[in-house]
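The values are calculated or read from the model by the stated rules, or taken from the named source; none is laboratory data. Worth saying up front: this structure is predicted, and the values here are computed from it rather than measured. Cβ sites come from the backbone with ideal geometry, for glycine too, and all protein chains shown count toward neighbours. Calculation scope for accessible area: heavy atoms of the full protein, side chains included, ligands and nucleic acids excluded. Shrake-Rupley method; radii C 1.70, N 1.55, O 1.52, S 1.80 Å.
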Amino acid sequence: MQIQPIINKITPYWRRFRAWYIRHRLQYPKPRFWMLCGVFIFGVWFYFCLPNPLFKAPYSTIVEDRNGNFLSARIAADNQWRFPLSDSVPTKFKESICCFEDEYFYYHLGINPVSMARAMKQNFSRGRVVSGGSTISMQVIRLSRGDQNRSIWNKLYEIILAVRLELRYSKAEIMNLYAAHAPFGGNVVGLEAASWRYYNRPASMLSWGETATLAVLPNAPALVFPGKNHHLLLIKRNKLLDKMVSVGVIDSTVAELAKAEPLPDKPNPLPQTAQHLLSKAIVDGYAGQRIQTTLNEKTQLRVNTIAQKYGRYYSENFVNNIAVLVLDTRSGEILAYVGNIEILGKNTNQFVDNVVSLRSSGSILKPFLYAGMLNEGNILPNSLLPDVPTRIGGYAPKNFEKTYQGVVPADEALAHSLNIPAVRMLQEYQVDKLHHLLKKAGFTSINKPPDYYGLSLILGGAEVSLFETTSAYASMARSLLSFNNYGGKYQANDYRAASYLLSDEKDKKPDLVSSALLNAGAVYYTMNALAMVNRPWGEIGWEYFASSHKIAWKTGTSFGFRDAWAVGVTPQYTVGVWVGNSTGEGRPELTGVSYASPVMFEIFKQLNPTEWFKVPTKDLTTVSVCKQSGYRSTDNCPAENRLVPKSGIKVKACLYHQSVFLDSTETYRVTGACYPPSSMHIRSWFVLPPTQEYFYKRNNPEYMMLPPYMDGCAPPKEQVLDIIEPDNNSAIYIPKGMDGEEGMLIFDAVHRNPNATLFWHIDGEFIAQTHAPHSIEVTPTIGKHKVVIVDEAGNSAVRYFKILGK
């Protein structure tokens with residue numbers, strides 16, 4: 001690129017400018033040069049003289065619902081009620097304040113020469129400042145500067161800044177700045193704060209009389225504010241109303257009605273409909289902002305009322321705190337957030353937010369294990385699981401009711417929240433896999449290594465929050481809804497934390513993926529298990545609280561009756577409830593079903609859900625399933641075809657049915673050595689291991705035990721006896737009595753023959769012989785031991801155990 005042609009083009013223009021410059025004597029050091037420099041410097045200063053932002057004062061934090069309804073507020077850092085700028089100023093206030101302060105606001109450029117002249121005349125005639133002649137623009141400048149002394153120089157400075165203000169901002173923006181920062185008496189700053197403090201409603205809903213009252217307050221906030229100098233305030237308000245009649249803003253009838261309105265008294269407390277969500281928003285970094293949340297004001301108020309009602313009732317048993325979270329299942333948006341309740345006359349630590357506080361999980365995580373087992377193909381929805389006394393190493397879980405079923409279908413074990421089947425499932429599924437699943441589902445508080453929790457992870461060994469628990473339940477349901485809505489695809493972000501910030505991305509096209517953390521079939525059967533209507537074990541009386549609509553729900557109770565949980569899910573709503581004491585103090589009978597589920601069901605009654613989950617047929621397959629065991633069928637099983645998760649094809653075949661050879665009368669079992677094979681009848685028989693059979697037949701009288709062998713038929717070796725306690729490779733402490741005396745261990749065994757005699761040996765030494773029931777008391781020494789029991793036919797069972805201490 002050549003420079004000379006460019007220079008040639010510029011040169012004529014430069015010569016003309018230089019001639020003009022010399023002709024007007026603007027060159028250095030002519031006086032006009034310095035004048036030009038002064039104008040330039042003033043222009044630059046004038047351009048940058050207005051601070052940005054104009055106001056640096058801290059603001060109150062405001063929480064609104066999804067429709068812009070005011071819910072809660074927190075005072076600003078300087079202890080002033082100063083709300084953040086709103087989008088607009090109500091017309092009534094604009095008319096009132098212009099009529100009172102600045103009639104020509106929409107016509108001047110920051111100053112009104114007529115008003116200034118009138119103010120100067122009044123001030124000179126009286127010898128003191130009685131009128132400033134300030135426009136609204138000038139008042140905005142003075143407010144932004146912190147109300148500097150009212151001197152001539154300050155006034156001139158305000159005039160310059162007011163003109164600059166008019167050039168930068170629109171009239172609507174200037175009016176908004178004034179309405180947000182004008183003083184309204186005491187520590188009330190801004191129209192919105194004044195409207196709520198004095199009239200307990202938004203400024204847009206004020207009458208002409210109320211608006212006129214507020215319009216006259218900034219004129220002398222230190223002298224006139226509600227609760228003080230009522231007579232002077234009344235005169236000012238009525239004078240303004242008369243002026244508005246004279247200029248045609250309102251008619252005389254409206255003015256007379258406005259004059260009849262009473263003046264406000266002392267400031268009202270601001271609503272605190274969602275004070276704990278407000279605190280969470282501040283912690284999350286939204287202090288000093290107006291936060292439009294996903295909450296629904298009506299839902300929030302209803303949930304507040306329900307929580308308060310139950311809180312007063314529960315406090316009679318010294319259970320003082322309740323937390324509730326209501327989510328829109330599809331979107332994950334929070335519709336109601338109650339972190340705690342306040343009970344009049346009691347110090348209940350009501351400011352503790354129990355929605356985010358960490359508490360022992362109890363049984364509330366069991367649905368994720370059940371879904372994980374279905375997802376991996378470990379079980380089918382109603383596969384039988386052992387429910388017998390269990391000791392794994394030094395860990396001995398117990399069912400809540402201290403009873404045993406022998407075996408129980410997996411879906412019933414989940415619905416009835418049985419602990420032993422859950423621990424045995426976790427042992428098969430593996431702790432590290434469940435640990436990984438829960439973290440992916442959103443449980444950030446489960447942050448220790450898997451070995452730290454061990455098998456207790458499923459029974460309250462971890463601490464979780466109501467926020468993350470309810471979010472995870474909603475996420476699990478959302479993935480099922482996504483699968484059905486998107487033709488067998490999932491949203492990439494189905495598993496996410498609940499949101500309280502209103503988003504503009506609702507209509508954004510989702511990113512779809514082919515698989516999920518838990519596939520739709522596993523989630524669907526988990527929801528169905530949690531919706532089972534017959535829950536007799538451990539949840540007596542739950543029908544009293546049941547809703548008329550189908551709900552998948554789970555309760556949980558932590559050790560020591562410290563935490564009561566209940567979470568319910570439908571396609572529309574997910575409701576989580578925690579009940580307990582913020583201090584962690586436990587109370588007798590504080591259980592999920594007794595305390596948390598009544599609150600949850602009453603909330604669902606108010607929400608009135610009407611939908612249930614559709615069958616995800618694309619993620620299901622037909623499998624031949626044993627009717628009794630719930631595992632894949634064999635030739636020995638009475639079977640039926642069932643829809644199960646696709647992973648169900650990997651589930652092991654039934655181990656509970658076997659072929660039994662009977663005599664012609666089907667009274668005795670026989671063998672080929674003692675009975676003609678041609679006369680034998682072969683039957684399929686449902687047979688449980690001895691320990692499971694012992695407990696199962698107590699609760700299931702229809703259970704048919706194997707027939708005895710015919711006399712003369714030598715039975716083959718089979719498992720006819722078992723040791724209940726101790727479990728194999730268990731680690732045991734010998735208890736001490738109340739008086740410090742050494743306690744004893746009780747070992748138990750079972751035999752299919754109720755008349756059998758058992759012989760007990762420990763470390764090769766004969767201890768005792770027993771007839772039913774087979775139970776002995778022993779005090780082994782510290783260390784490893786071996787117990788062997790033998791029956792009269794030579795059948796035996798062996799267990800190894802370790803005594804850790806006494």
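Tabulated data
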quantity: Residue pairs meeting the criteria (Cβ under 7 Å; at least 6 apart or on separate chains; first polar (S, T, N, Q), in segment 757-783; second in a strand (DSSP E or B) and exposed (fewer than 13 other Cβ atoms within 10 Å of the Cβ)); calculated: Thr757/His771; Ser775/Ile746; Thr779/Glu742
quantity: Matching entry among Asn176, Asn187, Asn219 (being more than 45 Å from the chain's Cα centre (by Cα) and surrounded by 14 or more Cβ atoms within 10 Å (Cβ to Cβ)); calculated: Asn219
quantity: Residue satisfying all of: in segment 135-152; surrounded by 11 or more Cβ atoms within 10 Å (Cβ to Cβ), out of contact with any Cys (no Cβ under 9 Å at 6 or more places or on another chain) and of a type in the set (Val, Ile, Thr); modelled with the highest pLDDT among these; calculated: Val140
quantity: Positions within segment 432-486 being in contact with a Leu (Cβ under 6 Å, 6 or more places away or on another chain) and among the small types (Gly, Ala, Ser), in sequence order; calculated: Ser445, Ser465, Ala474
quantity: Sole residue being open to solvent by 50 Å² or more (accessible area, probe 1.4 Å) and either of a type in the set (Gly, Ala, Ser) or in a loop (DSSP other than H, G, I, E, B) (or both), chosen from Ala472, Ala497, Ala477; calculated: Ala497
quantity: Selected residue (criterion: nearest to the chain's Cα centre (by Cα)) from residues of segment 250-273 that are touching a residue at least 24 places away in the same chain (Cβ under 8 Å) and under 13 Å from Ser195 (Cα atoms); calculated: Pro271
quantity: Those strands (runs of 3 or more DSSP E) lying entirely in segment 758-806 with at least 3 residues open to solvent by less than 50 Å² (accessible area, probe 1.4 Å) and within 16 Å of Ser730 (Cα to Cα); calculated: 783-791, 796-805
quantity: Segment 169-189 residues that are over 21 Å from Leu233 (Cβ atoms), paired with ones that are open to solvent by 40 Å² or more (accessible area, probe 1.4 Å) and hydroxyl-bearing (Ser, Thr, Tyr) (beta carbon under 6 Å, 6 or more apart); calculated: Lys171/Tyr106
quantity: Sole exception among (1) in contact (Cβ under 8 Å) with a residue 12 or more places away in the chain; (2) more than 25 Å from the chain's Cα centre (by Cα) for Phe467, by number; calculated: (2)
quantity: Ser659 being modelled with pLDDT of 95 or more, of a type in the set (Ser, Thr, Tyr), open to solvent by less than 60 Å² (accessible area, probe 1.4 Å) and not in a helix (DSSP H, G or I); calculated: no
quantity: Number of the condition not met by Ile282 [criteria: (1) over 25 Å from Gln572 (Cβ atoms); (2) crowded, with 23+ Cβ neighbours inside 10 Å; (3) in contact with a strand residue (DSSP E or B) (Cβ under 7 Å, 6 or more places away or on another chain)]; calculated: (2)
quantity: Filter result for the condition that a residue is open to solvent by 80 Å² or more (accessible area, probe 1.4 Å), more than 30 Å from Pro202 (Cβ to Cβ), modelled with pLDDT under 85 and not basic (Lys, Arg), over Ile10, Ile22, Ile6; calculated: Ile10
quantity: Residue identified as open to solvent by 30 Å² or more (accessible area, probe 1.4 Å) and part of a helix (DSSP H, G or I) among Glu428, Glu401; calculated: Glu428
quantity: Unique match (being closer than 15 Å to Tyr525 by Cβ, in contact (Cβ under 8 Å) with a residue 40 or more places away in the chain and of a type in the set (Ser, Thr, Tyr)) among Ser558, Ser629, Ser647, Ser597; calculated: Ser647
quantity: Selection count where residues are among the aliphatic types (A, V, I, L, M), within 19 Å of Phe443 (Cβ to Cβ) and open to solvent by less than 10 Å² (accessible area, probe 1.4 Å), scope segment 327-377; calculated: 8
quantity: Qualifying residue in segment 213-234 (condition: assigned to a helix (DSSP H, G or I), touching a Lys or Arg at 6+ places or on another chain (Cβ under 6 Å) and touching a residue at least 60 places away in the same chain (Cβ under 8 Å)); calculated: yes
quantity: Inter-residue pairs, beta-carbon under 6 Å, first free of Cβ contacts under 8 Å to residues at least 24 places away in the same chain and assigned to a helix (DSSP H, G or I) and in segment 33-57, second among the aliphatic types (A, V, I, L, M) and open to solvent by less than 70 Å² (accessible area, probe 1.4 Å), 6+ apart; calculated: Phe33/Leu26; Leu36/Leu26
quantity: Ala522, sole failed condition from (1) touching a helix residue (DSSP H, G or I) at 6+ places or on another chain (Cβ under 7 Å); (2) surrounded by fewer than 22 Cβ atoms within 10 Å (Cβ to Cβ); calculated: (2)
quantity: Any hit, segment 360-378, residues being closer than 24 Å to Leu418 by Cα, part of a loop (DSSP other than H, G, I, E, B) and more than 18 Å from the chain's Cα centre (by Cα); calculated: yes
quantity: Flag for Gly556 being among the small types (Gly, Ala, Ser) and farther than 23 Å from Gln350 by Cβ; calculated: yes
quantity: Breaking point among (1) modelled with pLDDT of 95 or more; (2) buried (at least 16 other Cβ atoms within 10 Å of the Cβ), for Lys298; calculated: (2)
quantity: Check on Asp722, of a type in the set (D, E, K, R) and either crowded, with 18+ Cβ neighbours inside 10 Å or without any contact (Cβ under 8 Å) to a residue 12 or more places away in the chain (or both); calculated: yes
quantity: Test: residue in segment 713-731 that is over 29 Å from Asn399 (Cα atoms) and in contact with a Cys (Cβ under 8 Å, 6 or more places away or on another chain); calculated: yes
quantity: Complete set of residues in segment 571-600 that are open to solvent by 10 Å² or more (accessible area, probe 1.4 Å) and in a helix (DSSP H, G or I); calculated: Val593, Ser594, Tyr595
quantity: Any hit, segment 741-748, residues being assigned to a loop (DSSP other than H, G, I, E, B) and within 27 Å of Gln405 (Cβ to Cβ); calculated: no
